[in-house]
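Q: The following block contains the structure, expressed as structure tokens.
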Amino acid sequence: MNSQNSHKSFKAGDIIMKQGDEGRCAYIIEEGLVEILIEKPDGQTLNVGTRGEGSIIGEMALVDAAPRTATVKAVRDCSMLEITSEDFSQRLKTTDPVVQMISQVILTRYRDTLTRADILRDDLTYPPPEAIEKTFAEQADVVESVKIANELRSALDKDELEMHFQPIINLSGGHITGFEALMRWPHPEQGFISPGLFIPIAEKSGLIVDASKWALRQSCLGLKRIQEATGRDDLYVSVNFSSHDFAEPDFVHNITDTIKDCNVAPDKIVLEITERLLIQQPDNAKDTLLACHDEGVRIAIDDFGTGYSSLSYLYYFPIDILKIDQSFIRAMYREERSLELVKSIVALATNLNLLCVAEGVEDIEEARLLQGMGCESAQGFYFARPMPEENIVTLMTGWEPVKVSA
Ligand code: C2E
Ligand code: CA
Ligand code: CA
């Protein structure tokens, strides 16, 4: 259970919640017995039932902070698990949009039924369930997301997704050292759908786990073939992962099995993760990353500089590569602050003995500036766009080292 859930104990006779008080949490009864009492406007108190182990009480607080609809009193000593409304909405945000919508609508309808049953004071104002349903559907783009999620599921099953590879260049030598693997979805009607659109939907719907497994295997197989075709077994591939992948119990096994199956050297595989993931699941991520690192796999922090300010995680986690976010590279010429920030990241990487990769390099001036700072590698449209494996082999066959320094 999440750290925001806490256990509460109540003695027989204690009032656990009082009718009319603001509701901020629900409880799951782990042990004990409670009675539910409703005070009528005429002052009469009705006992409307008892609840025991495994029951949930005060769940309306998960919809809004409206006053409690009943008083709950412990009949026996009770032990409860408290679920705050913040925790509940946090959990909802990370589930499938359909589950989100249905949970909200059921809870709101339930509140509506209680109101209509007239067992509450009648001065309470709630938005009608229809309004909630509509806003929720609009806000969450539920219908569109579900449609895309279904199509993505089918594209995965039919092996219709593709992996493209974007070269990563060594700035002093001008040669290709590796690639970032980027997913592409050629949609039969809409053309290429951007990963910026479908990856968040894949994450919300849970499809990302299968998509990532598929992406890793295709990236390893693609790398192996590129290495063989070019005679360059020093080339590496960097694969993107989401926090959902890290929550999978067989994550490490899957990584190591896939690498073995595809017969690639583990140190030629890089896992790209964001700072956010490290902050959200520090303990889980640390063990997982250490296990992968022990197998020889390298770890890169993607979009470095956009997440959180704490740098302590650079010591706490086994990190090998920092990828400077492209927004800083883009702003280097316009804003002194971005330029200084990029310089600091490059210096930080050098001091910690990490490989530094600048993302989104679009012109020679940016490349020169980065090389002058001591940034080792770069990727961006200036050097090459993401492309299918076959084009990579052709590109590499005719590759002339890019002359970056003036
Ligand atoms: P990202 O990991 O930061 O990937 C880099 C993005 O920058 C790619 O966009 C790439 O095409 C783009 N890019 C590269 N060089 C330049 C440049 O010089 N200028 C500009 N403007 N853009 C450049 P893409 O392929 O559209 O991917 C977007 C995001 O989708 C990725 O951002 C990543 O977060 C996610 N993504 C893509 N493929 C995968 C995947 O296989 N798994 C996961 N979990 N996420 C993926
Ligand atoms: Ca990336
Ligand atoms: Ca990035």
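Q: Quick one: R76 ticks every box in (1) modelled with pLDDT under 85; (2) assigned to a loop (DSSP other than H, G, I, E, B); (3) farther than 21 Å from D21 by Cα; (4) among the basic types (K, R) bar one, so which box is it?
A: With (1) modelled with pLDDT under 85; (2) assigned to a loop (DSSP other than H, G, I, E, B); (3) farther than 21 Å from D21 by Cα; (4) among the basic types (K, R) applied to R76, the lone miss is (1).
Q: Considering segment 198-249 alone, what residues qualify as being at pLDDT 90 or above, small (G, A, S), surrounded by fewer than 21 Cβ atoms within 10 Å (Cβ to Cβ) and under 16 Å from D96 (Cα atoms)?
A: Listed by number, the list holds a single entry, S242.
Q: While we're looking at this one, here's another question. Tell me whether segment 266-276 contains one or more residues that are at positive phi, out of contact with any helix residue (DSSP H, G or I) (no Cβ under 9 Å at 6 or more places or on another chain) and away from ligand 1 (no atom under 16 Å from the Cβ).
A: Filtering segment 266-276 for residues at positive phi gives none.
Scanning segment 266-276 turns up no residue that is at positive phi, out of contact with any helix residue (DSSP H, G or I) (no Cβ under 9 Å at 6 or more places or on another chain) and away from ligand 1 (no atom under 16 Å from the Cβ).
Q: Taking segment 332-377 as the region of interest, how many residues are within 16 Å of ligand 3 (Cβ to nearest atom), more than 15 Å from F304 (Cα to Cα) and assigned to a helix (DSSP H, G or I)?
A: Summing the residues that are within 16 Å of ligand 3 (Cβ to nearest atom), more than 15 Å from F304 (Cα to Cα) and assigned to a helix (DSSP H, G or I) in segment 332-377 gives 2.
Q: Related question: How many residues does segment 276-313 contain that are away from ligand 2 (no atom under 16 Å from the Cβ) and assigned to a loop (DSSP other than H, G, I, E, B)?
A: The qualifying residues number 8.
Q: Just to verify a result, which residue in segment 250-283, among those that are of a type in the set (A, V, I, L, M, F, W, C) and over 29 Å from N170 (Cβ atoms), is modelled with the lowest pLDDT?
A: I279
Q: Is it true that L322 is in contact with a strand residue (DSSP E or B) (Cβ under 9 Å, 6 or more places away or on another chain), part of a strand (DSSP E or B) and of a type in the set (A, V, I, L, M)?
A: yes
Q: Search segment 182-191 for residues being modelled with pLDDT of 90 or more and away from ligand 2 (no atom under 16 Å from the Cβ), and hand back the single one that is nearest to H244 (Cα to Cα).
A: Restricting attention to segment 182-191, the residues satisfying the condition of being modelled with pLDDT of 90 or more are 182-186.
Within this subset, residues satisfying the condition of being away from ligand 2 (no atom under 16 Å from the Cβ) are 185-186.
Values: W185: 20, P186: 24 Å.
Among them, the one singled out is W185.
Q: Pull out all pairs, ordered by first then second residue, where Cβ-Cβ is under 6 Å, the residues are six or more apart or on different chains, the first lies in segment 232-243 and is in a loop (DSSP other than H, G, I, E, B), and the second is among the β-branched types (V, I, T) and within 10 Å of ligand 1 (Cβ to nearest atom).
A: Partner pairs satisfying both residue conditions: F241/I273; S242/I208.
The values are calculated or read from the model by the stated rules, or taken from the named source; none is laboratory data. Given the structure is predicted, the values throughout are model-derived calculations rather than measurements. Here Cβ is always computed from backbone atoms with ideal geometry, including for glycine, and neighbour counts include all displayed protein chains.
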